[in-house]
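Participant: Here it is, the structure, as structure tokens.
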Amino acid sequence: MQSLTSCQCSVCCGCFQQHFTIAVRDKHIRDMVCPVCWEPDINDPEHLNSYFSTLDIQLRECLEPEVYELFHKKLTEQALIKDPKFLWCCHCSYGFIYDGDQLKVTCFQCRNSFCAQCKKPQGALQDSVHFTQEEDGWLPMYQSWKRENDPEYQRQGLAGYLRDNACPNCRFQYALSKGGCMHFCCSQCRYQFCSGCNNPFHTTCAVDECSVSGLHAHHPRDCLFYLRDWEPSRLQTLLQNNGVAFNTEPPPGTQTGGSEG
């Protein structure tokens, strides 16, 4: 029988080998958990690092050499994305370590260029009013200028924020669709978090006073999680009670949602 350090479950050697062989070949590194109880909590970095260090020893003894080599490759890639110098290409989603000091970065995979700071492609920055010959036009102030001056960018709200900041765990960039659940699972590292506050979701909670069981997150009071389903009248009352001015009419020239009958 085989057992894991993350739980008290026991699995026969054949099932243990089959489960992790399939997981290594076909799934993400964070799917390599106990096949019985699905522990450990993949959003807990401390537990995850300890778990994988022990699992590495177990898999070395039971997996085929080529499967174990693939596991080690995935484990190494998972560690690399934690490096502050690690960048995701905004063109082809290829990741690499960048040691240079220039803002302009050229992807080793697709050979396209983007900004190392704001992760925007070269063409987007060349449209900026701050475009100059300095650093080939790659100025980090572009993003702050666009937030302050581009109405379309401001209307994107949370979508623009998430696209700039990406996954809070691995910084992988993605586009956010309007509406939908605020519980996010990064397609690259499988980190689960709230799109309103970036706080992680956990299956095992470390908060002693928490009575919630199962997968959940702890949101701060200003998280959109608490406000997104409120009726407009309730939101207006909240703003009025706190002295916050807001518009009640759409800007001139804006199309409304009504239809002509």
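The values are calculated or read from the model by the stated rules, or taken from the named source; none is laboratory data. Values in this document were obtained by computation on a predicted structure and should not be read as measured data. Here the Cβ positions follow ideal geometry from the backbone for every residue, glycine too, while neighbour counts run over all protein chains shown.
Participant: So if I check each of L235, L158, which one is modelled with pLDDT of 85 or more, of a type in the set (A, V, I, L, M) and surrounded by 10 or more Cβ atoms within 10 Å (Cβ to Cβ)?
Facilitator: Testing whether each residue is modelled with pLDDT of 85 or more, of a type in the set (A, V, I, L, M) and surrounded by 10 or more Cβ atoms within 10 Å (Cβ to Cβ) leaves just L235.
Participant: Continuing with this model, one more query. Hey, any hits in region 220-228 for a residue that's loosely packed, with under 10 Cβ neighbours inside 10 Å and not polar (S, T, N, Q)?
Facilitator: yes
Participant: Any chance region 33-46 includes a residue that's surrounded by fewer than 16 Cβ atoms within 10 Å (Cβ to Cβ), within 21 Å of Y191 (Cβ to Cβ), of a type in the set (D, E, K, R) and touching a helix residue (DSSP H, G or I) at 6+ places or on another chain (Cβ under 8 Å)?
Facilitator: no
Participant: Let me ask something else about it. Just checking, how many residues over region 21-73 are among the β-branched types (V, I, T), in contact with a Leu (Cβ under 9 Å, 6 or more places away or on another chain) and in a helix (DSSP H, G or I)?
Facilitator: 5
Participant: Report yes if some residue within region 58-75 is under 28 Å from C194 (Cβ atoms) and in contact with a Pro (Cβ under 9 Å, 6 or more places away or on another chain); otherwise report no.
Facilitator: No: region 58-75 contains no residue that is under 28 Å from C194 (Cβ atoms) and in contact with a Pro (Cβ under 9 Å, 6 or more places away or on another chain).
Participant: Anything in region 186-232 that is under 16 Å from P45 (Cβ atoms) and assigned to a strand (DSSP E or B)? List them, or say none.
Facilitator: Q192, F193, P200, F201, H202, A217
Participant: Condition first: without any contact (Cβ under 8 Å) to a residue 12 or more places away in the chain and surrounded by 13 or more Cβ atoms within 10 Å (Cβ to Cβ). Now tell me which residues in region 11-32 satisfy that.
Facilitator: Matches in region 11-32: Q18, I22, A23, K27.
Participant: State yes or no: is A116 at pLDDT below 70, surrounded by fewer than 18 Cβ atoms within 10 Å (Cβ to Cβ) and of a type in the set (A, V, I, L, M)?
Facilitator: no
Participant: Looking for whichever is over 26 Å from Q192 (Cα atoms) and small (G, A, S) here; the options are G95, G14. Which one fits?
Facilitator: From the options G95, G14, the qualifying one is G14.
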